[in-house]
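Heads up, the thing below is written out as structure tokens.
The values are calculated or read from the model by the stated rules, or taken from the named source; none is laboratory data. Quick caveat, the model's predicted, so the values are computed rather than measured. In this analysis, Cβ positions are derived from the backbone assuming ideal geometry, glycine residues included, and neighbour counts consider all displayed protein chains.
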Ligand SMILES: NC(=O)c1ccc[n+]([C@@H]2O[C@H](COP(=O)([O-])OP(=O)(O)OC[C@H]3O[C@@H](n4cnc5c(N)ncnc54)[C@H](O)[C@@H]3O)[C@@H](O)[C@H]2O)c1
């Protein structure tokens, strides 16, 4: 069996090398690339110190979170240093607010061209199919969330990028401790979204240890925003309630009144993303962190809203798919490691969240009436 003997010899040689040198160091020094690029991989890479500011590419940037993140990063790093990308056509206000480029994360060559031509140093990978949408199209979710991630990881490793990939409360499942859920515990999600996010966490951490990739990941709770609509997640009700309350004074909730889930106002989420990306590498004891702000049920959110809008009527018509997903997710999130390591601190609790959302819509409503 010559092949087996040869493999055995190679394995013994690798073992010997590993005993002498930690594998990560050896791999980093030879700029080994996980895809096809070999010794010239580092030729393309722009080290962070070469530029005053990072040059950022955001994938899937036209969803609920990307436009807001681009605005925050542009304020900090300059308009032209942050490129939004997506496969959808941008609305004109987004198109005119800063650089936008077409990018399909399933097209590896196109992605690589964008990274090289624009001397990208940070990649924020937002493209994904969220939980409810993913369950409705498993094949597409698998392709975008898993195959797409592989392209992103390889390009980030080849070009020495700092890579941010968000994970989610959906990366946990019914066998995880749910109240609260710590950073490290059993993760057996039951959705393709959750499975793909656990895969992303593990692959990112693997690339970090294997290739020295600067991978950073936050597990976001459900994100609530006023000026952008959610993209088909299980926590969407907490955004929709504001729109319906203001439009019609009525809201029909698709989750049971006592379904408790961790939530966060978008400004906290985007600031956390910037903060973890800027955190010194030696402050990060892990590469994937829970972050949290508050945890509430539809009933508690409705009651808080009714303090300001007593006429609001809330009824329940439970969507069984979303309810099953929510029942398998964390009720509260333990984010003590993020608070300890890089100083994470949320600004918005439930009352401030409700007030901020109503202020936003109040302003918008008055503007619509005036025009
Ligand atoms: N919004 C939340 O509450 C929340 C919570 C936890 C984690 N996250 C994560 O944050 C990220 C951003 O979330 P979001 O709410 O903005 O998502 P979203 O669904 O609103 O937007 C995702 C974007 O990805 C784009 N996209 C789809 N296929 C693509 C492809 N092949 N190539 C390039 N782009 C493609 C879509 O056009 C869309 O604009 C996602 O990874 C999501 O899993 C979001």
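Exactly one residue out of 210, 216 is more than 14 Å from the ligand (Cβ to nearest atom) and touching a residue at least 12 places away in the same chain (Cβ under 8 Å): that is 210.
Which of the residues that make up the range 232-259 are in contact with a helix residue (DSSP H, G or I) (Cβ under 7 Å, 6 or more places away or on another chain), within 16 Å of the ligand (Cβ to nearest atom) and farther than 14 Å from residue 299 by Cα? Can you show your working first?
Keep residues of the range 232-259 that are in contact with a helix residue (DSSP H, G or I) (Cβ under 7 Å, 6 or more places away or on another chain), which gives 232-234, 237-238, 241-242, 245-246, 250-251, 253-259.
When the remaining residues are screened for being within 16 Å of the ligand (Cβ to nearest atom), the result is 232-234, 237-238, 241-242, 254-255, 259.
Correct list: 232, 233, 234.
All of 115, 67 fail the test of being within 11 Å of the ligand (Cβ to nearest atom) and in a helix (DSSP H, G or I), apart from 67.
Of the residues 165, 198, the single one that is crowded, with 17+ Cβ neighbours inside 10 Å, touching a residue at least 24 places away in the same chain (Cβ under 8 Å) and within 8 Å of the ligand (Cβ to nearest atom) is 165.
Pairing each residue of the range 88-111 that is farther than 21 Å from residue 72 by Cα with any residue that is part of a helix (DSSP H, G or I) and more than 12 Å from the ligand (Cβ to nearest atom), provided the two are 6+ apart or on different chains, yields C-beta distances under 7 Å for 111/155.
Apart from one condition, residue 305 fits all of (1) part of a loop (DSSP other than H, G, I, E, B); (2) surrounded by 18 or more Cβ atoms within 10 Å (Cβ to Cβ); (3) over 21 Å from the mean Cα position of the chain (by Cα); the exception is (1). Looking across 120, 155, one residue alone is at pLDDT 95 or above, touching a helix residue (DSSP H, G or I) at 6+ places or on another chain (Cβ under 9 Å), more than 14 Å from the ligand (Cβ to nearest atom) and outside any strand (DSSP E or B). It is 120.
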